Amino acid sequence: MQTTMGRVHLMKSKALEYFILLTIITAAILLTGCATSRQDRERSASHVTMGTAYLKSGQFSPALREFLVAQRLSPDDPETYYYTGLSYYGNGMKKEAKGQFEAALSIKPDYSEANNYLGTIYMEEGLYDRAIEAFDRALSNMLYETPAIALNNIGWAYHKKGDYQTALTKYEAALKREPGTIIRPLIQKNRGIAYLAGHNIDKAIFYLKKAIDSAPGMTESHYWLGISYLEGGNREKAIQELRFAAKTNPESVFGLKAREKLDSLVP
């Protein structure tokens with residue numbers, strides 16, 4: 001009897017030892033996994049840092065390589081998808097960029113910057129209502145640091161829809177919500193264009209001048225100011241502004257448009 005009980009006790013003891021050993025091994029595996037994940041996150045962060053440096057210098061292909069590596073190392077980090085999207089966008093690969101922004105948003109739905117860029121792509125595709133929805137989602141995050149950008153984009157979407165009055169209210173809202181925004185010259189320029197489209201020449205000239213006061217080298221503002229002067233019957237000032245636009249940035253879209261307009265005005 002004692003022998004049998006001793007065997008049972010021994011079996012229980014061994015089972016307990018096995019259970020403890022299994023628990024220790026499992027814990028070790030989990031800890032090793034955490035350490036690896038931590039290492040991967042650190043490596044991913046270094047690739048993101050390198051990639052953003054490439055982005056800032058306009059080197060989109062090297063940036064893309066860095067962000068794709070970061071993405072593999074940290075597949076649950078929405079930032080890696082966002083930056084990969086920016087790199088694709090910079091390379092003109094809008095379909096791929098859209099997929100990356102959508103992936104970022106699937107992980108973090110309130111990622112305002114990703115919503116803003118997704119809206120920008122919709123704008124370029126002529127899908128203005130979808131663009132407005134994306135910009136509105138960006139604004140719904142109260143922690144979004146640059147709401148003026150999304151509001152300006154909403155304004156431009158309404159402008160493209162032909163709703164100039166709503167566009168103007170959005171531009172005004174952008175400046176009220178973020179008075180110190182760095183895109184103030186862009187917003188003032190867009191206000192001027194909206195007033196020009198609505199045939200309010202005096203206000204168009206007023207806001208385009210304000211845009212130029214803040215950013216004298218903005219070719220597009222000079223072009224539209226020239227067109228506004230022309231619409232208002234001031235041919236001399238129109239030619240002056242168009243010449244400035246054509247000379248300042250001759251190979252740009254608005255530099256070329258200014259040259260074309262000048263050729264039709266000046267024999």
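Per-structure values
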read-out	value
Descending semi-axes in Å of segment 45-109, equivalent ellipsoid built from Cα gyration tensor	17, 14, 8
Cα convex hull of segment 48-187, projected area averaged across orientations, nm²	8.3 nm²
Within the chain, helix-based [θ] at 222 nm, where runs of 4 or more DSSP H residues each add -39,500 (n - 2.57), nearest 500	-27500 deg cm²/dmol
Cα centroid separation, segment 170-244 to segment 53-68 (Å)	34 Å
Under Karplus coefficients 6.51, -1.76 and 1.60, residue-wise ³J(HN,Hα) of segment 172-188 in Hz, glycine/proline x	5, 5, 4, 6, 6, 6, 9, x, x, 4, 6, 9, 3, x, 5, 5, 5
Pairs beyond 18 Å (Cα-Cα), from 98/189; 161/210; 108/176; 160/189	98/189; 161/210; 108/176
Computed magnitude of the charge dipole of the chain (debye, nearest 20; Cβ of K, R +1, Cβ of D, E -1)	220 debye
D_trans [Stokes-Einstein, Kirkwood Rh over alpha-carbon pairs] for segment 159-267, 20 °C, 1.002 mPa s, µm² s⁻¹	153 µm²/s
Cβ-defined net charge surrounding residue 211, 10 Å radius [Lys, Arg +1; Asp, Glu -1]	+3
Whole-percent pair-distance distribution, where bins are 5 Å wide, for the alpha carbons of segment 198-262	4, 23, 31, 24, 15, 3
Value of Rg to Rh for the chain (Rh from inverse mean 1/r over Cα pairs, i.e. Kirkwood)	1.30
Environment charge of residue 159, counting only residues whose C-beta is closer than 13 Å and scoring Lys/Arg +1, Asp/Glu -1	+4
Square roots of five times the Cα gyration tensor eigenvalues for segment 111-181, Å	17, 16, 8
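Read-outs throughout are calculated quantities, based only on the coordinates presented, and are distinct from any laboratory measurement. What you see is a predicted model; the values in this text were computed from it and never measured. Glycine gets a Cβ as well: all are built from the backbone with ideal geometry, and neighbour counts include every protein chain shown.
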